[in-house]
Amino acid sequence: MPTKIQELPAKDVVQHFFAALRSSGPDAALEFVGDDAVYIAVLGDDFRKYLPMYGKYIGKKGARDFLHSLSESFDTQEFITQKVISEGNSVALWGKFHHIVRSTGRDFHSDWALVCEVKDGKIEHYQFYEDTAALEAAFHLPGRAERVAAVADAS
């Protein structure tokens, strides 16, 4: 017999995920994450040494690590969802946000987009897009060309 969460439309699952994240934090939001979920944040794993939230995170533990890295890195001032589109199990959202980077005190403003796939009331795929140049500037990272070259040389 399905639970209430399993019966929710996909867009409601994603919106409940964000509501739980805002009101109660990362661990509460995990109620809406599948055991085998894939969370993809902007750039590949090779760039994680520069920013902890970059890369691919697998499973509920991976989602927890990703969400905790966000809460440790940012003091969110504003997170606005401007539009949600849903068809079947697929959900696309976009909006804008304003964070303050805890380690530098710098502002990070960006438009954002998110694509999710939901199955049985759980987010199974989560891929987030944002202004990475603004993110890296807010973290006061060295030039992108140098980082890309360093990652390429290490491969």
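The table for this structure:
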{"read-out": "Subset of segment 118-141 (residues that are in contact with a helix residue (DSSP H, G or I) (Cβ under 8 Å, 6 or more places away or on another chain) and among the charged types (D, E, K, R))", "value": "Asp120, Lys122, Glu136"}
{"read-out": "Filtered residue count, segment 23-36, keeping only those that are more than 15 Å from His68 (Cβ to Cβ) and of a type outside the set (D, E, K, R)", "value": "3"}
{"read-out": "Filter result for Leu8 (closer than 17 Å to His125 by Cα, over 12 Å from the mean Cα position of the chain (by Cα), hydrophobic (A, V, I, L, M, F, W, C) and modelled with pLDDT under 95)", "value": "yes"}
{"read-out": "Ser110 small (Gly, Ala, Ser) and either modelled with pLDDT under 95 or farther than 20 Å from Val42 by Cβ (or both)", "value": "no"}
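The values are calculated or read from the model by the stated rules, or taken from the named source; none is laboratory data. All values derive from a computational prediction rather than experimental measurement. Here Cβ is always computed from backbone atoms with ideal geometry, including for glycine, and neighbour counts include all displayed protein chains.
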